[in-house]
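Okay, so here's the structure we're looking at.
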Amino acid sequence: MGQDMAILDILHFPDTRLRNVAKPVAQVDGSVRQLIDDMFETMYAAPGIGLAAVQVNDLRRVIVVDTSEDRSQALALVNPEIIAKQGDESMDEGCLSVPGVYETVQRAAQIRVRALDREGNAIEKDIDGLLAVCIQHEIDHLDGKLFVDYLSNLKRQRIRKKLEKDARQGGDKTQRRRAI
Ligand code: GNR
Ligand code: NI
């Protein structure tokens, strides 16, 4: 019965579908687990350290992350919520939906996250470092927000023009690098 995994197409800024706000998942069923598995395959293939369902044009509140070097820390979060945050952290960020662009963004340094896992169990975790930054970046995607929204209008406009040019030239050429 198990369906094969699939690599999904990732939307690129300034695609307006990246501005959609995802809807809560009512039940973690087989179709949600299939989405999670496809998202992991897509994220690892890219390669990236996180992926939100909105990036593959699915409007369910689902994210996957793995900031390990050896793909040993896979974490899927359904309906993730940040219930507490503390401190500030500046990090260079990239995004699979904004290929080839890396800019510094300031976010909370430590977060407490509440979510459902792949089995539908409620979990709560204290998280810091790169994983905390990544989860904040992914939850932003579920709310239609991109890391370029934290930059100046001028910078964002330059990035938009560059990506529109890349798209015209049929370029996915900048994407094959881990966006960290
Ligand atoms: O692969 C990714 N790397 C990354 C680096 C710093 C901060 C956030 C990220 S997430 C990004 C993958 C992605 O676009 N997820 O939405
Ligand atoms: Ni992203």
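Things to note:
- The set of residues in the stretch 99-128 being open to solvent by less than 20 Å² (accessible area, probe 1.4 Å) and small (Gly, Ala, Ser) consists of 108, 109, 115.
To keep it simple, each residue is scored yes or no on (1) away from ligand 2 (no atom under 16 Å from the Cβ); (2) assigned to a loop (DSSP other than H, G, I, E, B); (3) under 22 Å from residue 47 (Cα atoms); (4) in contact with a Gly (Cβ under 7 Å, 6 or more places away or on another chain).
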{"site": "84", "(1), (2), (3), (4)": "yes, no, no, no"}
{"site": "87", "(1), (2), (3), (4)": "yes, no, no, no"}
{"site": "118", "(1), (2), (3), (4)": "yes, yes, yes, no"}
{"site": "140", "(1), (2), (3), (4)": "no, no, yes, no"}
{"site": "158", "(1), (2), (3), (4)": "yes, no, no, no"}
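- Every condition in (1) aliphatic (A, V, I, L, M); (2) more than 16 Å from ligand 1 (Cβ to nearest atom); (3) within 30 Å of residue 159 (Cβ to Cβ) is met by residue 111 except one, and the failing one is (2).
Residue by residue, here is whether (1) touching a helix residue (DSSP H, G or I) at 6+ places or on another chain (Cβ under 7 Å); (2) farther than 25 Å from residue 157 by Cα; (3) away from ligand 1 (no atom under 13 Å from the Cβ); (4) of a type in the set (Gly, Ala, Ser) holds:
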{"position": "11", "(1), (2), (3), (4)": "yes, no, no, no"}
{"position": "24", "(1), (2), (3), (4)": "no, yes, yes, no"}
{"position": "28", "(1), (2), (3), (4)": "no, yes, yes, no"}
{"position": "40", "(1), (2), (3), (4)": "no, yes, no, no"}
{"position": "54", "(1), (2), (3), (4)": "yes, no, no, no"}
{"position": "61", "(1), (2), (3), (4)": "yes, yes, yes, no"}
{"position": "64", "(1), (2), (3), (4)": "yes, yes, no, no"}
{"position": "78", "(1), (2), (3), (4)": "yes, yes, yes, no"}
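- In the set (1) under 23 Å from residue 32 (Cβ atoms); (2) surrounded by fewer than 19 Cβ atoms within 10 Å (Cβ to Cβ); (3) within 16 Å of the chain's Cα centre (by Cα), the condition left unmet by residue 96 is number (2).
- Every residue from the stretch 38-78 that is open to solvent by 40 Å² or more (accessible area, probe 1.4 Å), charged (D, E, K, R) and outside any loop (DSSP other than H, G, I, E, B): 41, 60
- Checked against (1) within 16 Å of ligand 2 (Cβ to nearest atom); (2) farther than 26 Å from residue 165 by Cα; (3) surrounded by fewer than 16 Cβ atoms within 10 Å (Cβ to Cβ), residue 131 passes all but condition (3).
- Scanning the stretch 1-37 for residues that are in contact with a strand residue (DSSP E or B) (Cβ under 6 Å, 6 or more places away or on another chain) and either over 17 Å from residue 54 (Cβ atoms) or open to solvent by 100 Å² or more (accessible area, probe 1.4 Å) (or both) gives 24, 28.
- Looking across the stretch 142-156 at every residue that is closer than 15 Å to residue 16 by Cα and without any contact (Cβ under 8 Å) to a residue 12 or more places away in the chain, the one that is nearest to ligand 2 (Cβ to nearest atom) is identified as 145.
- Long-range neighbours under 8 Å by Cβ, at least six apart or interchain, first residue under 17 Å from residue 34 (Cβ atoms) and modelled with pLDDT of 95 or more within the stretch 47-71, second in a loop (DSSP other than H, G, I, E, B) and within 10 Å of ligand 1 (Cβ to nearest atom): 51/10; 51/96; 55/10; 55/96; 55/97; 56/10
Results for (1) of a type in the set (A, V, I, L, M); (2) more than 17 Å from residue 13 (Cβ to Cβ), shown as yes or no for each residue.
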{"position": "81", "(1), (2)": "no, yes"}
{"position": "87", "(1), (2)": "no, yes"}
{"position": "97", "(1), (2)": "no, no"}
{"position": "113", "(1), (2)": "yes, yes"}
{"position": "141", "(1), (2)": "no, no"}
{"position": "151", "(1), (2)": "yes, no"}
{"position": "154", "(1), (2)": "yes, no"}
{"position": "168", "(1), (2)": "no, no"}
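The values are calculated or read from the model by the stated rules, or taken from the named source; none is laboratory data. Not measured: the values here are computed from a predicted model. Positions of Cβ are generated from backbone atoms using ideal geometry, with glycine treated the same way; all protein chains shown enter the neighbour counts. Please note that ligands, DNA and RNA were not included when accessible areas were found on the heavy atoms of the full protein model with its side chains. Shrake-Rupley method; radii C 1.70, N 1.55, O 1.52, S 1.80 Å.
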